[in-house]
Amino acid sequence: MSLALLTALCCVAAPWSAEPAPAPSPGGLAAAPRELVLFTAGTNGYASFRIPAVVVGAKGTLLAFAEGRKNGPSDTGDIDVVLRRSTDGGRTWGPLQLILDDGTDTVGNPCPVLDRTTGRVWLPLTRNAGSNTVAKNKAAFGPGSREVLMCFSDDDGATWSKPENISAAVKPENWTWYATGPGCGIQLKAGRLVIPCDHRVKDSDDSYSHIIYSDDHGKTWKVGGRAAAKTNECAVIERDDGTLLMNMRSNHGKNRRALATSADRGATWSKLAFDEALIEPTCQASLIRVEGERGKSVLVFANPASTKRDCMTVRLSTDQGKTWPASRMLYAKSAAYSSLVALPNEQIGCLYERDGYKETVFARFGLGWLADGRDNSGP
């Protein structure tokens, strides 16, 4: 696939931004990625940072979220939600901001989404008692097990609202474990806000991917459809024809990403399929749709392309996710969760964990660099 073809398909703009687009990086679209470490274990009073998410605000500000884990890498305990902001396309970043600290309890799983109509950034999160183990949270045992919170910002992440507990609206009584994202939500062309999530059901060991959504710019949230069993953390995009594609972490033992589609804006999902090109070590992954001209778009996907958590790889599809003809490896060593974002001037950002969760790095690269890749991903 030539760079000329990619450029014809997808001349990326930033329709959400009222600010002038930053100039392309030296070397242009084919330049090698530039990386900056945003979160480092053992700094700012946190033993570990995990679960990255990145989104562009209404004024073009980049918002990079993570869980700040006070006492270690565990998924429970004293965990806060933190943020760093960039106003120059990811070249420089402001200091660490504390978004939510619930004492010694756990808050996390950031999954931000921008409402292009209002300019508001919505941030769903989950909460549980820090004293609960992960096993107890999955079984809905103990006080405060896996509640769903929602907060928002109207100033590109400078300040945030007090979180609202929306569990009654989006968590049925027989659901136990619950996770929003992690990664990012999307807004459909018709305006619906969609947040990818996953859950478990009482007296079952299976997990299920599902969505929550809002048709009134976040005033109310509802539960959408769920995918088949043994699916987990997921990402959702809207294809050019209006159907939704859900790309899921799979517990089927195939080391391949699970897929499902929806023709009714997420109310129901198709039977599962598995993408043989998308190898995974049973781990979170990220997927975004990059807008282009004349209704065309490309998809960008990132995950550890291996049977273990290493080989962080980004891939490109020009046929709505049917094939992935171009790929590039960002990092060959230990790597895990990621979050992708489209930037101005045909640039892509990828916020990802590496080196045994010691660092969370923001990589910025051109679509041309990715398009020139020739299946040089991991094993």
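The values are calculated or read from the model by the stated rules, or taken from the named source; none is laboratory data. Predicted model only: the values in this text are computed from it and were never measured. Counting neighbours? That spans all protein chains shown, and the Cβs are built from the backbone with ideal geometry, glycine included.
I'd like to verify a number: residues in the stretch 238-263 that are farther than 23 Å from Ser338 by Cα and in contact with a Leu (Cβ under 9 Å, 6 or more places away or on another chain), how many?
Going through the stretch 238-263 one residue at a time, the tally reaches 3.
Working only within the stretch 113-140, note down all residues that are of a type in the set (S, T, N, Q) and in a strand (DSSP E or B).
Thr126, Asn128
Could we say that Ala235 is small (Gly, Ala, Ser), in contact with a Phe, Trp or Tyr (Cβ under 8 Å, 6 or more places away or on another chain), in a strand (DSSP E or B) and surrounded by 15 or more Cβ atoms within 10 Å (Cβ to Cβ) here?
no
Please enumerate the residues belonging to the stretch 90-112 that are surrounded by 24 or more Cβ atoms within 10 Å (Cβ to Cβ) and either of a type in the set (A, V, I, L, M) or not in a strand (DSSP E or B) (or both).
Listed by number, the residues that qualify are Gly90, Val107, Asn109, Pro110, Cys111, Pro112.
Could you check the stretch 362-376 and list, in sequence order, the residues that are within 30 Å of Gly68 (Cα to Cα) and touching a Lys or Arg at 6+ places or on another chain (Cβ under 6 Å)?
Scanning the stretch 362-376 gives a single hit, Arg364.
Of Val300, Val314, Val290, which residue is at negative phi, free of Cβ contacts under 8 Å to residues at least 60 places away in the same chain and touching a helix residue (DSSP H, G or I) at 6+ places or on another chain (Cβ under 8 Å)?
On inspection, the qualifying residue turns out to be Val314.
Among the residues of the stretch 246-258, how many are within 18 Å of the chain's Cα centre (by Cα) and without any contact (Cβ under 8 Å) to a residue 60 or more places away in the chain?
Number of matching residues: 6.
Considering only the stretch 76-87, I want to know if a residue exists there that is within 27 Å of Phe152 (Cβ to Cβ), small (Gly, Ala, Ser), touching a Phe, Trp or Tyr at 6+ places or on another chain (Cβ under 7 Å) and at pLDDT 55 or above.
Yes: one or more hits.
Consider only pairs whose beta carbons are under 8 Å apart and that are at least six residues apart or on different chains; among these, list those whose first residue lies in the stretch 367-379 and is over 12 Å from Val300 (Cα atoms) and of a type in the set (Phe, Trp, Tyr) and whose second residue is modelled with pLDDT of 95 or more and outside any loop (DSSP other than H, G, I, E, B).
Listed pairs, sorted by first residue: Trp369/Arg328.
Residue-by-condition table, conditions (1) at pLDDT 95 or above; (2) in contact with a Leu (Cβ under 7 Å, 6 or more places away or on another chain); (3) farther than 19 Å from Pro124 by Cβ:
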{"site": "Leu9", "(1), (2), (3)": "no, no, yes"}
{"site": "Ala23", "(1), (2), (3)": "no, no, yes"}
{"site": "Gly60", "(1), (2), (3)": "yes, no, yes"}
{"site": "Lys70", "(1), (2), (3)": "yes, no, yes"}
{"site": "Trp93", "(1), (2), (3)": "yes, yes, yes"}
{"site": "Asn109", "(1), (2), (3)": "yes, yes, no"}
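Of everything in the stretch 144-202 that's polar (S, T, N, Q) and assigned to a strand (DSSP E or B), which residue is farthest from Leu83 (Cα to Cα)?
Going through the qualifying residues, I end up with Thr176.
Listed residues Ala228, Ala179, Ala158; which is of a type in the set (Gly, Ala, Ser) and farther than 23 Å from Ser286 by Cα?
Checking each option against the conditions leaves just Ala158.
Out of curiosity, is Glu19 of a type in the set (Asp, Glu) and at pLDDT 95 or above?
no
What pairs can you find where one residue is in the stretch 163-180 and aliphatic (A, V, I, L, M), the other is in a loop (DSSP other than H, G, I, E, B), and their Cβ atoms are less than 9 Å apart, with a gap of 6+ or different chains?
Ile166/Thr220; Ile166/Trp221; Ala169/Thr220; Ala169/Trp221; Val170/Trp221; Ala179/Asn109; Ala179/Cys111; Ala179/Arg146
Which pairs turn up if I take residues in the stretch 185-203 that are in contact (Cβ under 8 Å) with a residue 12 or more places away in the chain and look for partners that are in a loop (DSSP other than H, G, I, E, B) and polar (S, T, N, Q) with beta carbon separation below 7 Å, at least 6 apart in sequence or on another chain?
Gly191/Thr117; Val201/Asn174; Lys202/Asn174
Is it true that Ala305 is within 21 Å of Pro33 (Cα to Cα), touching a residue at least 40 places away in the same chain (Cβ under 8 Å) and more than 20 Å from the chain's Cα centre (by Cα)?
Criteria not met by Ala305.
Taking only the stretch 255-268 into account, find how many residues are surrounded by 14 or more Cβ atoms within 10 Å (Cβ to Cβ) and either more than 21 Å from Thr180 (Cβ to Cβ) or of a type in the set (Phe, Trp, Tyr) (or both).
Summing the residues that are surrounded by 14 or more Cβ atoms within 10 Å (Cβ to Cβ) and either more than 21 Å from Thr180 (Cβ to Cβ) or of a type in the set (Phe, Trp, Tyr) (or both) in the stretch 255-268 gives 3.
Go through the residues of the stretch 132-150 one by one and say whether even a single one is within 16 Å of Ile195 (Cβ to Cβ), of a type in the set (S, T, N, Q) and touching a residue at least 40 places away in the same chain (Cβ under 8 Å).
no
Is there any pair linking a residue in the stretch 209-233 that is in contact (Cβ under 8 Å) with a residue 60 or more places away in the chain to one that is of a type in the set (Gly, Ala, Ser) and not in a strand (DSSP E or B), with Cβ under 6 Å and at least six apart or on different chains, and which?
Listed by first residue and then by second, the contacts come to Trp221/Ala169.
Among the numbered criteria (1) of a type in the set (Val, Ile, Thr); (2) at positive phi; (3) surrounded by fewer than 16 Cβ atoms within 10 Å (Cβ to Cβ), which single criterion is violated by Thr220?
Checking Thr220 against (1) of a type in the set (Val, Ile, Thr); (2) at positive phi; (3) surrounded by fewer than 16 Cβ atoms within 10 Å (Cβ to Cβ), the one that fails is (2).
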